[in-house]
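Presented below is the structure to which this report refers.
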Amino acid sequence: MSYTLEGRTGTWEIVVGLEVHAQVISHSKLFSGASASYGGEPNTHVSLVDAGFPGMLPVLNQECVAQAIRTGLGLRARINLESRFDRKNYFYADLPTGYQISQFTHPIVGEGTVEIELADGTVRHIGITRLHMEQDAGKSMHDQDPARSFIDLNRAGVALMEIVSEPDIRSPEEAGAYLRKLRQILRYLGTCDGNMEEGSMRADVNVSVRKAGEPFRTRCEIKNVNSIRYVMHAIEVEATRQIEVWEEGGEVDQETRLFDPARNETRSLRSKEDAHDYRYFPDPDLLPLVVEQAWVDELERGLPELPDDKRDRFVRQYGIPRYDASVLVAEQAIADYYEEVAKGRDARLAANWVTGDLFGALNRTGRTITDSPISAQALGGMLDLVSDKTINGKIAKEVFEDMLETGDSAAAIVERKGLKQVTDTGAIDAAVADVLARNADKVEEYRGGKDRLFGFFVGQVMKAMAGKANPAMVNEALKKVL
Amino acid sequence: MMESYCFMSLDPATVRRIARLARIGIDESDVPALQGELNGILGWVEQLNEVDVEGVTPMVGTGHAALRTRPDVVTDGNCREAVLSNAPDAVGPFYTVPKVVE
């Protein structure tokens, strides 16, 4: 089902493209040796280059280039062996030089693609137009003084990757899926931490609407949206606004807008009427960037297994459903945990325990996989007891809860509580006989054709044996007698 | 082949707009003189249109030397006094500017 909005004049579809700013993981800044780490004392992670002192020259950080190339490879994109840095000119107090060094006409990465999967299982490919490197700006604080704004340049000059998508996105859900997938890829690659709350990943959202079959109409750009949820809201709110404008006979102006989550509306940013006249030109301080194909190949060999590949391998290697595999590769650490549990064991059973009971437990305790109260080895140890029939599935749940609480090993808990599964046919037969004797009426009904009662008998026998009986043996014993 | 190109000429409004983008305050009386100077520069650059570039691959840059890069090591910063030394109105660890209102 494609996503549409109903207006007075008919059905509208939405067209969305995203520009994502992702902060590069590096020790030092893109063009200076000042620290790129977050949260230093104000204006301490600043060199004279970042502060825009006269005569200071930018020198490119090789690792930032490597990170951009790795990201390009992860997006299955073309790497441009020749690229160039340009100056993007605008005046703002937190931009000391009066220009941002960016890449305009010759970005380091060209066309690529990101595969997204929607809730109903639909798979779509979102085109990547380009990825380029640029500098971050400093931070302005407007609430410190009635007459002045305070400026901290610690962020100024930190490397960003701007990742631009094609206008291929057709619903808020697709936008959310794209951002999550992009973040997942960046985290796997180790090129950006993807933390939207801290601002290390933010999105500019281009939105337009059209009737089916029409060419694109005018778009608006919503700046600096800092959570996936807000991106999804902003798209819907802005599309609804544009439909109203068109349906009232108006024109949508191409402009920059801000999303206000508190009021659930977008507002025009008219103060920046000159903002789009950036007068780009090649930065004369920097020569063109030329990289060797051999280096690109070397970086490619060093890439980790990417989420889509890992998912497909999990399906192949472990025989688990594609959906479970997608859940398990959401984060590298989860995938590693799962593989540790699955190694040499029943991989489907391992997937069920990790995505079911373990995720549930992590949710309840507010923990993540990396500080899971039950280690992969410990969970594996418990599954071994299930596989060798020391405990049955029901008792396993009890053991799991105990592990969660005490941190003891499954074997120790089984020993302490005497939970070892009963496989003694004599004991099971006795319990079966006892249950049938006490429920003679139900036995009559069952034999009269009420098949559903079989489950009742199983339950009664299990209860009589404190849940410790081997379920398969109980079934067999019951069938024999009935 | 007859090549014809028109001489690009700046009008007074464009001159005023360029001044505003560059944050340069100019008197209205300066506009005609600046218009003449800028048009002179443009006219000189226009000579490039006489070069036939049919079939020539666009150049990324003119330099043949490779761009110098540096390893990703923190070697600079932690010099707040120097960084703020030219600031006309620093407050504590911050630069300040007249309030920027969004």
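Every residue, every condition in (1) facing chain B (nearest Cβ under 8 Å); (2) in contact (Cβ under 8 Å) with a residue 24 or more places away in the chain, yes or no:
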{"site": "A:122", "(1), (2)": "no, no"}
{"site": "A:129", "(1), (2)": "no, yes"}
{"site": "A:132", "(1), (2)": "no, yes"}
{"site": "A:147", "(1), (2)": "yes, no"}
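Identify all residues within the stretch A:281-302 that are under 33 Å from the mean Cα position of the chain (by Cα) and assigned to a loop (DSSP other than H, G, I, E, B); write none if there are none. Give the steps one after another, and end with the answer.
Restricting attention to the stretch A:281-302, the residues satisfying the condition of being under 33 Å from the mean Cα position of the chain (by Cα) are A:289-302.
Passing the criteria: A:291, A:292, A:302.
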>> Can you find a residue that is in contact (Cβ under 8 Å) with a residue 60 or more places away in the chain and within 26 Å of residue A:155 (Cβ to Cβ) anywhere in the stretch A:235-250?
In response: no
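For the stretch A:358-371, how many residues are touching a helix residue (DSSP H, G or I) at 6+ places or on another chain (Cβ under 6 Å) and buried (at least 18 other Cβ atoms within 10 Å of the Cβ)? Steps first, answer last, please.
Step one: of the stretch A:358-371, the residues touching a helix residue (DSSP H, G or I) at 6+ places or on another chain (Cβ under 6 Å) are A:361, A:369-370.
Subsequent filtering for residues that are buried (at least 18 other Cβ atoms within 10 Å of the Cβ) retains A:369.
Residues that pass the stated criteria total 1.
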> Yes or no: residue A:83 more than 14 Å from chain B (Cβ to nearest Cβ) and over 30 Å from residue A:323 (Cβ atoms)?
Replying inline: no
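Among the strands (runs of 3 or more DSSP E) lying completely within the stretch A:162-275, list those that include at least 1 residues that are under 30 Å from residue A:76 (Cβ atoms). If you could, list the steps in order and put the result at the bottom.
Details: elements: A:201-211, A:220-225, A:256-260, A:265-268.
Where strands (runs of 3 or more DSSP E) fall fully within the stretch A:162-275 and carry at least 1 residues being under 30 Å from residue A:76 (Cβ atoms), they are A:201-211, A:220-225.
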>> Can you pull out every residue in the stretch B:71-83 that is over 13 Å from residue A:50 (Cα atoms) and surrounded by 16 or more Cβ atoms within 10 Å (Cβ to Cβ)?
In response: B:72, B:74
> Where residues in the stretch B:61-88 are facing another protein chain (nearest Cβ under 7 Å), part of a loop (DSSP other than H, G, I, E, B) and within 27 Å of the chain's Cα centre (by Cα), which of them is modelled with the lowest pLDDT?
Replying inline: B:63
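Can you confirm whether residue A:422 is aliphatic (A, V, I, L, M) and at pLDDT 85 or above? Break it down stepwise before answering.
On the way: aliphatic (A, V, I, L, M): yes; at pLDDT 85 or above: no.
Criteria not met by residue A:422.
A quick yes/no check of all residues on (1) without any contact (Cβ under 8 Å) to a residue 40 or more places away in the chain; (2) within 12 Å of chain B (Cβ to nearest Cβ); (3) crowded, with 23+ Cβ neighbours inside 10 Å; (4) touching a Pro at 6+ places or on another chain (Cβ under 6 Å):
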| site | (1), (2), (3), (4) |
| --- | --- |
| A:88 | no, no, no, no |
| A:108 | no, yes, yes, no |
| A:113 | yes, no, no, no |
| A:140 | no, yes, no, no |
| A:169 | no, no, yes, no |
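Residue B:96: touching a Lys or Arg at 6+ places or on another chain (Cβ under 8 Å), on the phi < 0 side of the Ramachandran plot and either modelled with pLDDT under 90 or at the interface with chain A (Cβ under 7 Å from one of its Cβ atoms) (or both), yes or no?
Numbers: touching a Lys or Arg at 6+ places or on another chain (Cβ under 8 Å): yes; on the phi < 0 side of the Ramachandran plot: yes; either modelled with pLDDT under 90 or at the interface with chain A (Cβ under 7 Å from one of its Cβ atoms) (or both): yes.
Criteria met by residue B:96.
Report whether or not residue B:49 is out of contact with any Gly (no Cβ under 6 Å at 6 or more places or on another chain), of a type outside the set (Val, Ile, Thr) and more than 8 Å from chain A (Cβ to nearest Cβ). Before the answer, list the steps.
On the way: out of contact with any Gly (no Cβ under 6 Å at 6 or more places or on another chain): yes; of a type outside the set (Val, Ile, Thr): yes; more than 8 Å from chain A (Cβ to nearest Cβ): yes.
So residue B:49 passes the test.
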> Condition test on residue A:40, is it modelled with pLDDT under 95 and either assigned to a loop (DSSP other than H, G, I, E, B) or more than 10 Å from chain B (Cβ to nearest Cβ) (or both)?
Replying inline: yes
> What are the residues in the stretch A:96-106 that are in contact (Cβ under 8 Å) with a residue 60 or more places away in the chain and crowded, with 21+ Cβ neighbours inside 10 Å, if any?
Replying inline: A:96
>> Condition first: exposed (fewer than 15 other Cβ atoms within 10 Å of the Cβ), touching a residue at least 12 places away in the same chain (Cβ under 8 Å) and more than 32 Å from the chain's Cα centre (by Cα). Now tell me which residues in the stretch A:372-392 satisfy that.
In response: A:387, A:389
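The values are calculated or read from the model by the stated rules, or taken from the named source; none is laboratory data. Note that the structure is a prediction, hence the values are computed from the model and not measured. Reconstructed Cβ throughout: ideal geometry from the backbone, glycine too, with neighbour counts over all protein chains shown.
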